[in-house]
Structure formats: structure tokens, C-alpha cells
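> Supplied in C-alpha cells, the structure appears directly below.
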Amino acid sequence: MATTSGTTGRSPRTSWGREHLANLYSLFVLSMIMNDAPDESDVLTRALTAVGTLGPCRAEAAYLTLDNGLTRTPADWPDATPHLDAQVRRLGGQGGPVTVPDREWGWSLALRSTADAIGHLVVSAPSRPTDDEYFLLRVLAQQTAAALTQAMARRTEHDREQQLRQLSDDRAATNARLTTSVSELEHQRSVHEMLSDASANDDGVQGIAEALHRLTGYPVAIEDRFGNLRAWAGPGRPDPYPKPEATPHEELLQDAARRQRPVRVAEQVIALAQHRGEVLGTVALIDPEAGAGEEERFALDYASTALALELAHLRNLAEVELRLRRELVDDLITGTDDASAYARAAAAVGHDLHGPHHLAAVQWTGRPADDTFVQAVGRSAAGLRMRSLLARRSGMAVLVLQGRPQAKALHEAVGRELGSPTGSIGVGGRCDTPSEIPRSFQEALRALEVRQRSQSPHGATTFDELGLYRILGPGGGYREVEQFVREWLGPLLDYDAAHHSDLVQTLSQYFECGGNYDATAAALAIHRSTLRYRLQRIREVSGSDLGDVDSRLNLHVATRVWKVLGG
């Protein structure tokens, strides 16, 4: 028989003997088993294992042709020798001889699917196999190639199914994300519309609180930067509303400002209302169960932005109105024509200057006349239903009061607002036209000065109450007043200057105490005998009789004027 593919050409003793048929049957069974193999590696493992059952041959290695070239499969086959890899590659997808150490014969059987090479099955034998043995190896190669083709097809189909399944899963995930995004966008649109409507409708801070409550379902508290409640929406409002301690509250604001997002503090989720880096207030969801999620936090964050714009707008309006009021009051005090004053007051600040008005000057011990002080005076006047124009001028608060002034009640109200009664208020006389306001202002200053120099400097004094002191008001001659004081107190003033004594002060206190020795000594913190000595020196130096009614009156008036003039 002719030699085929490197065989010896020997004829078998029995062309189709029983053993040969048994081997063919085994290959048939193996073919079915390989066709059921789960993947290509399992097919080749079974083919390699079957080689030894078909004769004296031994399986050396198996390869798969993949996109990146030949790959030994399985890689851990025990008889695999690395030197075969290069030999199989040189065959270029064709079958052919290979060299195997210590073996006379070695062959690489090409595994083909139609025209494509899909792998190699490398076998060896101690001597060249017979035609029948080689035939069985070729049948095994054919069956292995067919099983590999099916395994690859199944894998391709499986991969396609996996891809389709993955595409389906990806599509479902994408649809879910789109649904979520649409829901989030719809919620964000609702938040934007509702809070924008609250701002556009001039509902103010309370409108923002109510809109946020409707959006989230949680009670809402809006506070100013000091922790004072500005607005509440929803159930459960505390009464009274708790005022936080100053230091922890400042630390809370600093922490929230650092995080730049809503923060949880105890039972509240709080967001800052900031404008140009300045904290104007806070807005909080009351959430004791910690149930607020991302949607609620988004609404809270957006509400804090709307609140910041609203508070900044309110502050700008207040600053503009305050500036207009200050400019108007300054012009009224320095003097302006009536027609212009009436028009400006009505158009700019909504105040009617027609009818009687009084000027009031307010100062408080230990309190600078800053915006906080002026606003406290304004709130006190408003609380008494006193319509006024308010300004700050020369270290004091100045009010243009409409109608009859409530001087004493205003002093008490400002004292409550500031937490201290140590202040003075002077109220000028009535003015019926704006052109009379400068005169009323000067009278208010005179009344304030008299009050501050009196024995009871804390309180309120009206110009109409000054009586004799009104000679120091507008129109009074300071030269004549000074001459009067000099005429009656000159010797005593000179004596005090020369001897560093307090005779004029002693005389003034003596008159203020109604001539009572004990009260005067107590007020001056001196002994009664010392007082008696000083009064004797006053008689000697001044040459005046303190028992004479006229002398006593003139001396009393002179000492009071001396005090008002800064004695």
C-alpha cells in the first residue's frame, strides 16, 4: 500500500478487523461526547486523552488558532513541550511533521473548519504508525475539528446572547437612569418654579418658608444670622422659640460655610443663606427622624439661595431707604424750602411732613451711634406708633417725630430695647412747617444738654420744660449770658482757679439741694462742718448774702447756666 502523510506504507494484516471496527466505534462515541463538550478547551482535552487509545501514538499538545495567533490548549497538558510551539507556527495552518525528542515519528494534524485552520493536534509515536493507525488519527482530527466548530459556534451564539442580554440590561439600566433623571429634573423644575413664584409674588421670607414646606413636607424654620426666628411654616412651632447661645451658633455657621452644603445639627438639616461670602441667615428642615433625602436637600439648598437673594434685596432696600431718610433729615436740619421738603418726604420715604412735628435727639451712655443703635431707636418709636424720620448725626440718633411726642415713653422703650436705661433724650419745640425744623433741632440739642448736665442725666427732657434754661436756646445772646454768669460768679470762679478749690460746685449743689445742709454734704461727700466752712468762704469771696432772696435767685440761676455752659 502506498505511503500516505509520512506513514510506513505497511499493509495491515487485517484491513477491517474487529479491533479496527472497535476503534471506529470508539471514535464515533468520542465524537458525540466531544460535540457535547462545553467549550473548545474541553474538546481538545478529550481529543488528547483519546489519542493513546487508538494505538501506540501519544498526544503531545493541542493548539487553537485565535485572533492573536496560536494558543496551546490546555496550557497545562502534561506532555506538552515548549519546543513544539515554533514548529507548529512554521507549518502555517497546515499539517506536517514535527520533531519530538526520543520519538521516531511526530506529526501535527491540522484541525480545519471548511477552509479555515482552527487548530492543531500534535501526536508522536516510537515508530511510524500503520495506515490504519494513521487513518484513525485523521478521523480523530476530523471529529475534533467538527466538535471545535460546534463549540465555537455555541460560544459565538452564547456570546451573542450575552451581548444581547447585556444590551438589554444596559438598555434597561439606561431607561431606569433616564426615568430617574426625568423624575429628578421634574422635581427640580417644581422646586425652581415654586420658590421663584414665592420670590416673584413678593411673599418674602414667609413665602419661601411655606414653599419649602409644601415641597418637602417638613416643618421649616428661617432665622437671621443671630438665630432669631424670621419665619416658620408647618406644624410644631416652639413657643417661645429658643434663642441659641452666641458662641455655638457662630461655630455652627462657620462649619456650614466650610462645607458649602446643608448640614445636620441635632434634629435639623440647615443650609446657609449667603450673599457675596456673608451669612445673612439660615433655613432649616425640622427632621427629627433623619428621613430627609437628596430631593429634600436639593430643595433646601435651592431655598437657601432664594432666601439669600431675598434677604440681600431687603437689606439693599433698607439701606437705600435709610440713606434717603438720612439725606432728607440732614437737609431738613440744615434748612430747605417747604415745597421741596414736602415732595421729597412723600415720594422718597412715604412720610407726610404736613402738620406739627418735633425733633428729638437721642444719646446713650456707652453706646456708639452706629446703625444698630439707630435701628433700636427706630424700632422703639415704631412700637409706640410714633411716625418718624430717623437718621444718625453727630454721635446721636435724630428723629423727626410726627404729632405730640411721647418723650418719657420713648426713653423707656429704647431702654428696654438696649437693655439699659442710661440714656438721654432731648425733644425740641413744635414746628408746623419744614422750614422750622432747624430751630426745633437746636432746641432738642439744648434740651438734651440740660438733661445730661442735670442731677438725673438719664431720662427725657422737652424744650418746653426748660423754663429759665430756654435763654440758652436759639436767639439767646451768649455774650449777655456769659456776662451775667461773670457778674455773679466771677470772684468765686477766679478763686477756684487760683486755689484749685470747688466753691462754685459747692454753691451749685447747695442750691440744687434746696439749701439743706445734710443733703448737700452727702451729695458732695464731705462733712457738714466742711460744708459750713465752704459756704462761709463763698460769702466772703463773692460778697453776696446767701440769705437775700434776690441774691439767692441770681446766684442759683448763674450756677445752673454755668453748668449748662460746661462749668
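> Please enumerate the residues belonging to the range 353-379 that are under 15 Å from Leu332 (Cβ atoms) and open to solvent by 80 Å² or more (accessible area, probe 1.4 Å).
His354, the sole residue that qualifies.
> Out of (1) part of a helix (DSSP H, G or I); (2) modelled with pLDDT under 90; (3) open to solvent by 60 Å² or more (accessible area, probe 1.4 Å); (4) not aliphatic (A, V, I, L, M), what's the single condition that is false for Ser340?
(3)
> Within the range 507-523, identify whether any single residue is open to solvent by 80 Å² or more (accessible area, probe 1.4 Å) and in a loop (DSSP other than H, G, I, E, B), and answer yes or no. Quick ask: steps written out before the conclusion?
Step one: filter the range 507-523 for residues open to solvent by 80 Å² or more (accessible area, probe 1.4 Å), giving 518.
From the residues that got through so far, the ones that are in a loop (DSSP other than H, G, I, E, B) too are none.
No, there is no match, as no residue in the range 507-523 is open to solvent by 80 Å² or more (accessible area, probe 1.4 Å) and in a loop (DSSP other than H, G, I, E, B).
> Among the residues of the range 447-461, count how many are open to solvent by 40 Å² or more (accessible area, probe 1.4 Å) and either charged (D, E, K, R) or in a helix (DSSP H, G or I) (or both).
Number of matching residues: 4.
> Answer with yes or no whether Leu389 is in contact with a Ser or Thr (Cβ under 6 Å, 6 or more places away or on another chain), part of a strand (DSSP E or B), open to solvent by less than 10 Å² (accessible area, probe 1.4 Å) and aliphatic (A, V, I, L, M). It would help to see each step written out before you state the result.
Numbers: in contact with a Ser or Thr (Cβ under 6 Å, 6 or more places away or on another chain): no; part of a strand (DSSP E or B): yes; open to solvent by less than 10 Å² (accessible area, probe 1.4 Å): yes; aliphatic (A, V, I, L, M): yes.
It is false that Leu389 is in contact with a Ser or Thr (Cβ under 6 Å, 6 or more places away or on another chain), part of a strand (DSSP E or B), open to solvent by less than 10 Å² (accessible area, probe 1.4 Å) and aliphatic (A, V, I, L, M).
> Could I ask something else about it? Please enumerate the residues belonging to the range 115-129 that are open to solvent by 30 Å² or more (accessible area, probe 1.4 Å) and among the hydroxyl-bearing types (Ser, Thr, Tyr).
Across the range 115-129, the qualifying residue is only Ser127.
> Still on this model: Sort through Ala231, Ala246, Ala256, Ala284 and tell me the only one that's over 18 Å from Gln188 (Cα atoms), at pLDDT below 85 and in contact with a strand residue (DSSP E or B) (Cβ under 8 Å, 6 or more places away or on another chain).
On the way: Ala231 fails: at pLDDT below 85; Ala246 fails: in contact with a strand residue (DSSP E or B) (Cβ under 8 Å, 6 or more places away or on another chain); Ala284 fails: at pLDDT below 85.
Checking each option against the conditions leaves just Ala256.
> Against the definition (open to solvent by 60 Å² or more (accessible area, probe 1.4 Å), assigned to a helix (DSSP H, G or I) and at pLDDT 85 or above), how does Asp169 come out, yes or no? Lay out the reasoning, then the answer.
Numbers: open to solvent by 60 Å² or more (accessible area, probe 1.4 Å): yes; assigned to a helix (DSSP H, G or I): yes; at pLDDT 85 or above: yes.
When the stated conditions are applied, Asp169 passes them.
> Checking the condition part of a helix (DSSP H, G or I), among the small types (Gly, Ala, Ser) and without any contact (Cβ under 8 Å) to a residue 12 or more places away in the chain, which residue from Ala153, Ala147, Ala141 passes?
Of the residues listed, the single one that is part of a helix (DSSP H, G or I), among the small types (Gly, Ala, Ser) and without any contact (Cβ under 8 Å) to a residue 12 or more places away in the chain is Ala153.
> Related question: Among the residues of the range 142-166 satisfying the criterion of being closer than 12 Å to Pro38 by Cα and open to solvent by 60 Å² or more (accessible area, probe 1.4 Å), which is modelled with the highest pLDDT?
Gln150
> Evaluate the range 63-82: report whether one residue or more is acidic (Asp, Glu) and modelled with pLDDT of 90 or more.
First, pick out the residues of the range 63-82 that are acidic (Asp, Glu): 67, 76, 79.
Cutting the leftovers down to modelled with pLDDT of 90 or more gives us none.
No, the conditions are met nowhere in the range 63-82.
For every residue, the table says whether it meets (1) out of contact with any strand residue (DSSP E or B) (no Cβ under 7 Å at 6 or more places or on another chain); (2) at pLDDT 85 or above; (3) open to solvent by 30 Å² or more (accessible area, probe 1.4 Å).
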{"residue": "Pro242", "(1), (2), (3)": "yes, no, yes"}
{"residue": "Glu250", "(1), (2), (3)": "yes, no, yes"}
{"residue": "Pro262", "(1), (2), (3)": "no, no, no"}
{"residue": "Val265", "(1), (2), (3)": "yes, no, yes"}
{"residue": "Ala271", "(1), (2), (3)": "no, yes, no"}
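> Specify the residue that is farthest from Glu327 (Cα to Cα); the eligible residues are those in the range 393-414 that are open to solvent by less than 10 Å² (accessible area, probe 1.4 Å) and either without any contact (Cβ under 8 Å) to a residue 24 or more places away in the chain or in a strand (DSSP E or B) (or both).
Among those that are open to solvent by less than 10 Å² (accessible area, probe 1.4 Å) and either without any contact (Cβ under 8 Å) to a residue 24 or more places away in the chain or in a strand (DSSP E or B) (or both), it is Leu401.
> Quick one: how many residues across the range 415-446 are touching a residue at least 24 places away in the same chain (Cβ under 8 Å), outside any loop (DSSP other than H, G, I, E, B) and either under 24 Å from Gly335 (Cβ atoms) or open to solvent by 10 Å² or more (accessible area, probe 1.4 Å) (or both)? Before you say what the answer is, go through the steps one by one.
Within the range 415-446, the first condition is being touching a residue at least 24 places away in the same chain (Cβ under 8 Å), and the residues that meet it are 416-418, 420-435, 437-446.
Right, trim to outside any loop (DSSP other than H, G, I, E, B) and you get 416-418, 423-427, 431, 434-435, 437-446.
In the following step, the residues that additionally are either under 24 Å from Gly335 (Cβ atoms) or open to solvent by 10 Å² or more (accessible area, probe 1.4 Å) (or both) were identified as 416-418, 425-427, 431, 434-435, 437-446.
Residues that pass the stated criteria total 19.
The values are calculated or read from the model by the stated rules, or taken from the named source; none is laboratory data. Note that the coordinates shown come from a computational prediction; the quantities given were computed from them, not determined experimentally. Backbone-built Cβ (ideal geometry, glycine too); neighbour counts: all protein chains shown. When the accessible area is computed, the model is the full protein with side chains, heavy atoms only, and any ligands, DNA or RNA have been set aside. Shrake-Rupley method; radii C 1.70, N 1.55, O 1.52, S 1.80 Å.
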